[in-house]
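Here the structure is laid out as structure tokens; the discussion comes afterwards.
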Amino acid sequence: MTAGAGTEPGVGALLTVEDGAPVALENADAGSRILLVCEHASRRLPQRMGTLGLSTEALESHIAWDPGALAVCQLLAASLDATLIYQRFSRLVYDCNRPPDSPSAMPAVSEIFDIPGNAALSAAERLARTEAIYSPFRKGLSDLIKTRVANRRPPVIVTIHSFTPVWHGRPREVEVGILHDSDSRLADAFLADAAEDETFVTRRNAPYGPQDGVTHTLIEHGIHNGLLNVMIEIRNDLIASKDGQRVLAGYIGDHLGKALMRLEP
Ligand SMILES: [Zn+2]
């Protein structure tokens, strides 16, 4: 994409009225403290970005989004009476689980795909994407947290993601990953509760962990505010169908609820 001749990059330079807002909020007045976050909910691209030089196959694949993650979030929002905030545009434009100075915020390569539209981005183009996609998402989440804390309802941050069953040709055994950074309280409680449950292969910090740079949201919004937080990764073949999404939302909701009871009975 280009910022456009004579156009100052900034808010509004990238998204059109038809594109709509970058951030979506559901169940804003929910009663529980759980705040669900889905950074990779969508594979939509802003109109002005075209296809980024990618095939339809690539644009529909897991490199563009986390298939099934939003559907699981929406089921959890209903069953747990939780607020949900999610990004309405593809991580190929800006990956909202990365800070602006991270090379993977706007990746030029993802797994086996080169992303021509992300090669050799200028500083102005990077700034335009950051201001149009990342900044409103960060502010939306941060404002929600501030309001809840001010109202003495400190939220519990739960981010939901999905990962591909095969990575560079190798199958992944893990089915559910419970990820954390330096604050492992909620992850520990979830894993302790899920230890007796053999429904899924559930592992700590798998298939990724903090060393892969995937805990940006947890650090920025959870740890910096002293809030309980966890990132949950689901293997995407398990949530390709509505039935699968219901089963996983049930499994996660059950153990999350019990984990919170363990921490704050
Ligand atoms: Zn993700």
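Just a few scattered comments:
- Residue list for segment 2-24, restricted to those being at pLDDT below 95, open to solvent by 40 Å² or more (accessible area, probe 1.4 Å) and hydrophobic (A, V, I, L, M, F, W, C): ALA5, VAL11, VAL17
- For segment 147-166, a tally of residues being assigned to a loop (DSSP other than H, G, I, E, B), away from the ligand (no atom under 16 Å from the Cβ) and open to solvent by 10 Å² or more (accessible area, probe 1.4 Å) returns 4.
- Those residues of segment 81-108 which are more than 15 Å from GLY213 (Cβ to Cβ) and of a type outside the set (Lys, Arg), in sequence order: ASP81, ALA82, THR83, LEU84, ILE85, TYR86, GLN87, PHE89, SER90, LEU92, VAL93, ALA108
- Residue match in segment 98-106 (condition: buried (at least 20 other Cβ atoms within 10 Å of the Cβ) and in a loop (DSSP other than H, G, I, E, B)): yes
- Restricted to segment 167-194, and to residues there that are in contact with an Asp or Glu (Cβ under 9 Å, 6 or more places away or on another chain) and without any contact (Cβ under 8 Å) to a residue 60 or more places away in the chain, the residue that is farthest from the ligand (Cβ to nearest atom) is HIS168.
- Pick from segment 142-159, criterion touching a residue at least 24 places away in the same chain (Cβ under 8 Å) and of a type in the set (Ser, Thr, Tyr), ranking: farthest from ILE232 (Cα to Cα): SER142
- Taking segment 223-249 as the range and being more than 16 Å from the ligand (Cβ to nearest atom), assigned to a helix (DSSP H, G or I) and open to solvent by less than 40 Å² (accessible area, probe 1.4 Å) as the test, the residues that pass are GLY244, ALA249.
- Residue within segment 111-118 that is under 26 Å from ILE157 (Cβ atoms) and surrounded by fewer than 23 Cβ atoms within 10 Å (Cβ to Cβ) present: no
- Residues in segment 179-222 that are part of a loop (DSSP other than H, G, I, E, B) and of a type in the set (Ser, Thr, Tyr): SER182, SER184, THR199, TYR208, THR215.
For (1) polar (S, T, N, Q); (2) without any contact (Cβ under 8 Å) to a residue 12 or more places away in the chain; (3) open to solvent by less than 10 Å² (accessible area, probe 1.4 Å), each residue gets a yes or a no:
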| residue | (1), (2), (3) |
| --- | --- |
| GLU26 | no, no, no |
| GLY31 | no, no, no |
| ARG43 | no, no, no |
| GLY53 | no, no, no |
| THR56 | yes, yes, no |
| ILE63 | no, no, yes |
| PRO67 | no, no, no |
| VAL72 | no, no, yes |
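The values are calculated or read from the model by the stated rules, or taken from the named source; none is laboratory data. Quantities reported herein were computed from a predicted structural model and do not represent experimental measurements. Because the Cβ atoms are built from the backbone with ideal geometry, glycine has one as well, and the counts that use them run over all protein chains shown. Heads up: the accessible areas ignore ligands, DNA and RNA and are worked out on the full protein's heavy atoms, side chains in. Shrake-Rupley method; radii C 1.70, N 1.55, O 1.52, S 1.80 Å.
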